[in-house]
Structures are given as C-alpha cells and as structure tokens.
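Remarks on the structure that follows.
The values are calculated or read from the model by the stated rules, or taken from the named source; none is laboratory data. Computed from a prediction, not measured in an experiment: that's the story for all the values here. Heads up, the Cβs are rebuilt from the backbone with ideal geometry, glycines too, and the neighbour counts pull from every protein chain shown.
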Amino acid sequence: MAGPFGWGAVRKTPNAYTHPMIAFQNSYASLPDRFHARLDPTPVAAPSWLAFNTPFAEHLNLTALHSDEGLQVLAGNSVADTSTPIAMAYAGQQFGNWSPQLGDGRALLLGEVEADGTIYDVQLKGSGPTPFSRRGDGRAWIGPVLREYLISEAMAALGVPTTRALAAVATGETIIREAPLPGAVLTRVARSHLRVGTFQYFAIREDKDALERLTAYAIKRLWPEADGPAGLLDAVVGAQAELVAKWMSIGFIHGVMNTDNVSISGETIDYGPCAFMDDFALNRVFSSIDEGGRYAYGNQPHIAHWNLVQFAQALLPVMQVEAAQEIVDTFSTRFAIAQKKAMLAKIGIGDAQAGDAELINRLLTIMEERSLDFTNTFRALNSGIVPDDDWGADWRARLGEEAQQIMAAANPAIIPRNHRVEEIITAAVNGDMVPFERLHEALKTPFTDHAEFATPPLSEERVQATFCGT
Ligand code: AMP
Ligand code: MG
C-alpha cells in the first residue's frame, strides 16, 4: 500500500510572491515526507474576487491578501515565499466503505498563521490536481465554493465550531460537471485539517512512528492539556459530542460524516451536501448520494459515535485497548448531556428538572406530526407566543424568569435555508453577486430578525436534494 511518496517538490509557479505581512509557518510540512505531498497550486487563467472576509482577515492579520498580489496567491497563481504548499495524506470510511488512501485531492495547505495565541491552517480548495486526486480534476465550481463560504460563516455566527472562509475567487476557467460551470477556489481556514482519517492512514500502514508523531502534533497544537493518546481520544470524543449536539439544536444536517470529514479539532468540516432543515423530521436527509439515510438528521449521534470508534481503533497501536474502549463508551452520555442542555435552552430552560426532557420531546413530536418549521417554531416561542394546547400550558407552567434570555441566545431568527442558498448560487453563476452579499450580511447576525430571510420555502421552492457538490 504505497503512499504518494517521493514526488519531490513541484514548483509550478516560478514567481514567488514576497510580502512581509504574510509569514506562514509550515509545521505540518516539517513532518516527514510520508505525511504529505509537496507541490504548488496549478495556475488559473483569469482570477477575480468573489468574496473576501475582511473582519476575519483582520483577526488573522491577513488583510494584505486583499490586494492584486493577494488575489494571485489565493487563486494559486503565485506562492508566498514563506509558504511550503502541501497536500495532506489521509484515509477514511466513506459511507462505511474503507479507502486506505484519500488525501487532499483538490486542496493545498499553504501554511499556518498565528493569531491570538492560536495557530490556523490556511488552505486553498480547488487549487488543481495533486497526487491524491485519483480521477478528479482537482477543481471546484463556484456553487460549492460559495455554499461553503456562506454556510461555514453562518455556522461561526451561530456559535458552532467550524472551519472558516477567508476568500473565494473565480478562476476565469470553465470546469465540467453535469454541465460546463465557472471554476473557483476557496480559501479555508481551520484550527487544523487533521481528521480521524489522518490517523487511519497511518494505522492501516502499521506505521507506529507516524502515529506517535501525529498524536504529539495534535496534542501540542489542539489539545495541550491532553495526556497522551488517551487524553487526545478523550478530548476528541468530548468535542464531537458537543459539536453534534450543537448541529442538531439548529437543525443542521452535515450530510457526509465520513471519517475523513471528522475533525480532530472538533470543528465542522466539509460543507458538501449539508443543509438546514425547514420542517422538522428526524429522518430528514438532503444528500442525493445518501440513499440509505446513513447521515440523516436523527442518525448523526449514532454515526459520530461510530466514527469515534474508528478513531479509537486507529490509536490502538499507541494505546491500551481497554482504555480506548472505556473512553469511546463515554460518547453517548456526553452527547445526551450536551443535547439536553442545547435543546432545553431552546424552550428557555437553563437548569434541568425531572420531566424537562419529556417536555422538549413532546414538542418535537408535535412539530414532526404537523411538519412545523424547525427554526421558526422555536423562534416564535421567544416572542412570548404560548401555543394554545396542553403542551403550551405545561410549558408556561414550567417557565422561569430567565427563560426569555436563554431562548434569545438559543433560537436563531435565520439560518441559510436551502432555497436561498440555491438562489444565490444561480445568481452568482449569472455574474450577480448581490444576492450572495445580502444573505451573507444578514447571516452575520442570525439572532436578529431579518424577515426577508426567515420565510420557509414555498412548495415549488423546496430543495429536495443537495449534491455532493464537487
Ligand atoms: P469529500 O467528498 O469532499 O470529502 O472528498 C473526498 C475525497 O475526494 C477527498 O480525497 C477529496 O480530496 C477528493 N475529491 C473531491 N473532489 C475532487 C476533485 N474535484 N478532484 C480531485 N479530488 C477530489
Ligand atoms: Mg472531505
């Protein structure tokens, strides 16, 4: 099972761009060769801006990238002199099917930057083929690029740990999907791009040395309090339990919870076929490739647990099996606690009492039976509307003084609804970025009312399926 090793450095962009403001570190590139393939992005014909995240760039001290030279860097036409671009190696189970080698097939890590004591990866996505591309073209079209930009930024504003979007640029090139479509490159920022699949890549190769290095790297960078592999596993189990509970509390369906899309940092990663629910249904699925409903809304905790079992398994060469089992077994309890807290906040309850779980469950049952809109039903409770039924009476009787405040922080007024996301993509393909900008602006303050973006889709506007989005 040979990895893509020994390619050597591929310099496709001879004119390195020098800017003193962009001092990339390259800690992952400094790991041994078998962790990555070293190559430059593939240049594109005619880059132009689609979006640049100025507030986040300010936070990262990367505003210098919002320039003509920066555009060339973010399109992959030039490489900063401090950057050592690499495609990261990883494996993974996709819909349960094992792939010993996936890796960054269309992404390149440019390097890392430090802000407020945290180190962030800066990665181009859609920057051309790599040794991990298999049959893919290494590219992305503007649909999924803008989708990821918009939804990941909305998630951040909603308080959910997530990778961020720094920029989106159009390449001026056409790529072929179901049709010829305009190409784009996303600049993604993450606390790290380490995945469960990164560990699996080395576990399947019985490369204990690499697993030890990877564990040490992950602890140092992401979980400095963690004590060895057991501490790392414990931290990741806890972070994933919290993350999936947060997703579910805002009606988010990730859609492609493969082990290569489970981040060791506990951030949401990979916005392919994800979607927010309109009307509530536990078995809701959007991804057109998820035929069995493996990643349905209500199945997400189960799958997260399964993915963490795979992580524990990958760590077995460097830790005791009993300890791994014991830690992974804590997932269900930790998830249940996180979920209960998140869901009770949505009905204004801070400190849980006996009977509260039943109260929220009864509401969810009513919502599902009546196909009520997830976001708007909870949001209506904020405004003091008490449903005129048994549930409403029981709820009113239970409410404490601080209920309003708790609900206001837990129930967003708007989420990126599918039909809106489709609308902005269609407009962008036709060269109109205004709908994107307006929706993106509103989603920066999702807990404030924005009536225009709060309405559920009309029946003819309903999006039935989202695509893998490549
Ligand atoms: P994803 O479904 O985005 O999690 O990607 C799964 C795997 O397919 C990863 O190894 C990606 O790098 C790879 N991949 C996805 N799209 C492309 C593409 N257009 N070209 C090359 N590789 C790709
Ligand atoms: Mg992925």
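Summed over the range 356-378, the residues that are without any contact (Cβ under 8 Å) to a residue 12 or more places away in the chain and not charged (D, E, K, R) give a count of 2.
Answer yes if at least one residue in the range 228-244 is farther than 15 Å from Ile327 by Cβ, within 16 Å of ligand 1 (Cβ to nearest atom), among the aliphatic types (A, V, I, L, M) and in a helix (DSSP H, G or I), and no otherwise. Write out each step before concluding.
The first filter runs over the range 228-244 and keeps only residues farther than 15 Å from Ile327 by Cβ, leaving 242-244.
Right, trim to within 16 Å of ligand 1 (Cβ to nearest atom) and you get none.
No; the residues of the range 228-244 include none that is farther than 15 Å from Ile327 by Cβ, within 16 Å of ligand 1 (Cβ to nearest atom), among the aliphatic types (A, V, I, L, M) and in a helix (DSSP H, G or I).
One residue alone among Ile303, Ile366, Ile327 is within 16 Å of ligand 2 (Cβ to nearest atom), in a helix (DSSP H, G or I) and among the hydrophobic types (A, V, I, L, M, F, W, C), and that residue is Ile303. Restricting the range 31-59 to residues that are β-branched (Val, Ile, Thr) and touching a residue at least 24 places away in the same chain (Cβ under 8 Å) leaves a set whose member that is surrounded by the fewest Cβ atoms within 10 Å (Cβ to Cβ) is Thr42. Residue selection: Ala442 satisfies the criterion of being away from ligand 1 (no atom under 16 Å from the Cβ), touching a Phe, Trp or Tyr at 6+ places or on another chain (Cβ under 7 Å) and outside the structural domain of Gly138 (by TED's automatic domain parsing). Go through the residues of the range 291-310 one by one and say whether even a single one is over 18 Å from the mean Cα position of the chain (by Cα) and either among the polar types (S, T, N, Q) or more than 30 Å from Asn361 (Cα to Cα) (or both). Yes, that holds for at least one residue. So which residues in the range 91-122 are among the acidic types (Asp, Glu) and either in a strand (DSSP E or B) or within 12 Å of ligand 1 (Cβ to nearest atom) (or both)? Within the range 91-122, Asp104, Glu112, Glu114, Asp121 meet the criteria. Residues that are more than 21 Å from Ser265 (Cβ to Cβ), away from ligand 1 (no atom under 16 Å from the Cβ), in contact (Cβ under 8 Å) with a residue 40 or more places away in the chain and in a helix (DSSP H, G or I) are absent from the range 123-143 altogether.
Would it be correct to say that Asp270 is modelled with pLDDT of 95 or more, buried (at least 22 other Cβ atoms within 10 Å of the Cβ) and either assigned by TED's automatic domain parsing to the domain that holds Asp121 or within 16 Å of ligand 1 (Cβ to nearest atom) (or both)? Give the derivation first.
Numbers: modelled with pLDDT of 95 or more: yes; buried (at least 22 other Cβ atoms within 10 Å of the Cβ): yes; either assigned by TED's automatic domain parsing to the domain that holds Asp121 or within 16 Å of ligand 1 (Cβ to nearest atom) (or both): yes.
Spelling it out, Asp270 is indeed modelled with pLDDT of 95 or more, buried (at least 22 other Cβ atoms within 10 Å of the Cβ) and either assigned by TED's automatic domain parsing to the domain that holds Asp121 or within 16 Å of ligand 1 (Cβ to nearest atom) (or both).
When Asp388, Asp373 are checked against the criterion of being out of contact with any helix residue (DSSP H, G or I) (no Cβ under 7 Å at 6 or more places or on another chain), crowded, with 19+ Cβ neighbours inside 10 Å and either farther than 23 Å from Gly159 by Cα or not hydrophobic (A, V, I, L, M, F, W, C) (or both), Asp373 stands alone in meeting it.
Table: residues versus (1) within 17 Å of the chain's Cα centre (by Cα); (2) away from ligand 2 (no atom under 16 Å from the Cβ); (3) surrounded by fewer than 22 Cβ atoms within 10 Å (Cβ to Cβ); (4) of a type in the set (Ser, Thr, Tyr).
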{"position": "Glu225", "(1), (2), (3), (4)": "no, yes, yes, no"}
{"position": "Phe252", "(1), (2), (3), (4)": "yes, yes, no, no"}
{"position": "Thr259", "(1), (2), (3), (4)": "yes, no, no, yes"}
{"position": "Ser263", "(1), (2), (3), (4)": "yes, no, no, yes"}
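Ala465 meets the stated requirement of being surrounded by fewer than 16 Cβ atoms within 10 Å (Cβ to Cβ) and within 16 Å of ligand 1 (Cβ to nearest atom). Apart from one condition, Pro180 fits all of (1) buried (at least 19 other Cβ atoms within 10 Å of the Cβ); (2) over 21 Å from the mean Cα position of the chain (by Cα); (3) without any contact (Cβ under 8 Å) to a residue 40 or more places away in the chain; the exception is (1). Count of the range 114-128 residues, restricted to those that are away from ligand 2 (no atom under 16 Å from the Cβ) and either within 17 Å of the chain's Cα centre (by Cα) or surrounded by fewer than 20 Cβ atoms within 10 Å (Cβ to Cβ) (or both), is 8.
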